[in-house]
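The values are calculated or read from the model by the stated rules, or taken from the named source; none is laboratory data. Keep in mind the model is a prediction, meaning the values are calculated, not measured. Cβ: placed from backbone, ideal geometry, glycine included. Neighbour counts: every protein chain shown. Each accessible area value is taken on the protein alone, full model and side chains, heavy atoms only, with ligands, DNA and RNA left out. Shrake-Rupley method; radii C 1.70, N 1.55, O 1.52, S 1.80 Å.
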Protein chains: 2
Amino acid sequence: MPFTYEYPRPAVTVDCVVFGLDQGVLQLLLIKRNSPPFAGCWALPGGFVDQNETLDAAARRELEEETGLREVFLEQLFTFGDPGRDPRGHTVSVAYYALVRQDRHVPQAATDTSDAVWYSVAKLPKLAFDHQRIISTAVARLQGKVRYQPINFELLPRKFTLTELQGVYEAVLERALDKRNFRKKILAMGLLAETKEKQQGVAHRAPQLYQFDAAKYKKLTKQGFNFEL
Amino acid sequence: MPFTYEYPRPAVTVDCVVFGLDQGVLQLLLIKRNSPPFAGCWALPGGFVDQNETLDAAARRELEEETGLREVFLEQLFTFGDPGRDPRGHTVSVAYYALVRQDRHVPQAATDTSDAVWYSVAKLPKLAFDHQRIISTAVARLQGKVRYQPINFELLPRKFTLTELQGVYEAVLERALDKRNFRKKILAMGLLAETKEKQQGVAHRAPQLYQFDAAKYKKLTKQGFNFEL
DNA sequence: GAGTCTTAGTGTACAGTACACACTAATAGG
DNA sequence: CCTATTAGTGTGTACTGTACACTAAGACTC
């Protein structure tokens, strides 16, 4: 026991707000709790931080254990530590938010042991602990972040059309955007590379597929560029 | 003991990055450590979170205990939890940043028991733990925040001149601003109220004193206004 | 293969904002 | 009263944000 500590310690957990996108609607991945407290309630995936584990690692570990998701975009959100938030005792939760590509949406079948289900952000069930508050914080953060950092690509398959991308922005920001202006701005950033492909199997003019140029983004970021929408 | 926990728990601490302003230079409040580890080193004020104490309360308590400062602007910054950051064992630190009014700069004499000293942000001594990293994060956050939230008032006395305010922005952003454009923008926000006073005892035209209209700020914020500089 | 349906893709004009820039006004001190 | 010092003010120009409507292309139907 490395510390001598005069009071009982608060415990440390991580919780992940996982955003996905289905049919242009912003979704959240929730877990059904099996054990008390809040047994039977829906909750964010998460759990205790192990000794000698970074917070990021704990978040990724819990995410994989409970949902099967790996190698997603993951960023620290905020830390919630009110004494009353867990009826078992004082628990400090470091919250993360994650963005998951549509083509990697793990369907329920793939995570058969756990009850991980996607819910539309607009229609969430009653949640355990203070998870509703954590989600509200995450939504606000996402809306703020999207304005000056191109993270919405993380919610789409690697190749996507501009209309799809606009849909993501609209879903996140909860308002309509002008098509022509959106295209102008997003292309002006210079972070999108045309692929040689067009989308197949649509009953109308086939749209161009683009992909996000991560290398260029890294380079421009280092030079202190801003990517305001 | 409310939890059964299979591993030894990481401990939870808070650390405060306290910004002040002296002669137009951005300053940081540091504490000299008396005990190991890092005895004799400079460090951020902070300490363990008590059971059944909110994180905010812990930060305020530690700040007052170690520096005498009360009722300052205080906001959560980021949580640092790398296992190696404290040689005694795994410690998760919830970092805060605070802004202190110039007229409330507690001089060293007022905190006679502790060694709290203001250092220019540009010339910091070697610091304990990962506190240098925490400070870098705080500076970046402050620079970002200042662009869209009027928090710089927190660094000035209640009544201040526009030139002083401009100086704060310049100190934080580390670049010069145009006087006329700055005045236009900052007055256009509508958050400054002229006082009936002018600054006394200056060997030149006496400048108008202003104060921040907190009520108006609250009202406009609720209406979703932006305060970009 | 002509016609229809549906979404892709494109340009311009106007308003508002950002930015560069230089002189007069007022006060204290000598 | 003269000097030194900072306060305080307006305009023109470039750029950026925004509103807005039509043609292009592919798939399916008959």
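Give the residue that is farthest from the other protein chains (Cβ to nearest Cβ), with candidates limited to residues of the stretch B:7-61 that are among the aromatic types (Phe, Trp, Tyr) and in contact (Cβ under 8 Å) with a residue 40 or more places away in the chain. Show your work before the answer.
Residues of the stretch B:7-61 among the aromatic types (Phe, Trp, Tyr): B:7, B:19, B:38, B:42, B:48.
Then drop every residue that is not in contact (Cβ under 8 Å) with a residue 40 or more places away in the chain, which leaves B:19, B:38, B:42.
On the way: B:Phe19: 20, B:Phe38: 16, B:Trp42: 22 Å.
Top of the filtered list is B:Trp42.
Please enumerate the residues belonging to the stretch B:5-45 that are farther than 20 Å from B:Gln132 by Cβ and among the hydrophobic types (A, V, I, L, M, F, W, C).
B:Ala11, B:Val12, B:Leu21
Filter the stretch A:125-156 down to the residues that are loosely packed, with under 15 Cβ neighbours inside 10 Å and over 30 Å from B:Lys145 (Cα atoms) and list them by number.
A:Pro125, A:Lys126
Mind listing just one residue for me: the one in the stretch A:213-228 that is open to solvent by 50 Å² or more (accessible area, probe 1.4 Å) and hydrophobic (A, V, I, L, M, F, W, C) and, of those, nearest to DNA strand C (Cβ to nearest atom)?
Here the answer is A:Phe225.
Would you pick out the residues in the stretch B:38-56 that are of a type in the set (A, V, I, L, M, F, W, C) and within 16 Å of the chain's Cα centre (by Cα)?
Initially, the stretch B:38-56 is screened for residues of a type in the set (A, V, I, L, M, F, W, C), giving B:38-39, B:41-44, B:48-49, B:55.
The answer is B:Ala43, B:Leu44.
Among the residues of the stretch A:129-167, what is the count of those that are over 20 Å from A:Tyr96 (Cα atoms) and not small (Gly, Ala, Ser)?
In the first step, residues of the stretch A:129-167 are kept if they are over 20 Å from A:Tyr96 (Cα atoms); the result is A:157-167.
Checking which are not small (Gly, Ala, Ser) leaves us with A:157-166.
Qualifying residue count, the stretch A:129-167: 10.
Output the residues belonging to the stretch B:157-169 that are of a type outside the set (S, T, N, Q) and open to solvent by 20 Å² or more (accessible area, probe 1.4 Å).
To start, the set of residues in the stretch B:157-169 that are of a type outside the set (S, T, N, Q) comprises B:157-160, B:162, B:164-165, B:167-169.
Passing the criteria: B:Pro157, B:Arg158, B:Lys159, B:Glu164, B:Gly167.
For residues that are surrounded by 11 or more Cβ atoms within 10 Å (Cβ to Cβ) and within 14 Å of chain A (Cβ to nearest Cβ), scanning just the stretch B:170-212, find the one that is nearest to DNA strand D (Cβ to nearest atom).
Only one residue tops the list, namely B:Leu173.
Please find, among A:Thr67, A:Thr79, A:Thr91, the residue that is more than 9 Å from chain B (Cβ to nearest Cβ) and surrounded by 18 or more Cβ atoms within 10 Å (Cβ to Cβ).
On the way: A:Thr79 fails: more than 9 Å from chain B (Cβ to nearest Cβ); A:Thr91 fails: more than 9 Å from chain B (Cβ to nearest Cβ).
A:Thr67 is the lone residue from the list that is more than 9 Å from chain B (Cβ to nearest Cβ) and surrounded by 18 or more Cβ atoms within 10 Å (Cβ to Cβ).
Out of A:Glu65, A:Glu71, I need the residue that is modelled with pLDDT under 95 and assigned to a helix (DSSP H, G or I). Which one?
Details: A:Glu71 fails: assigned to a helix (DSSP H, G or I).
On inspection, the qualifying residue turns out to be A:Glu65.
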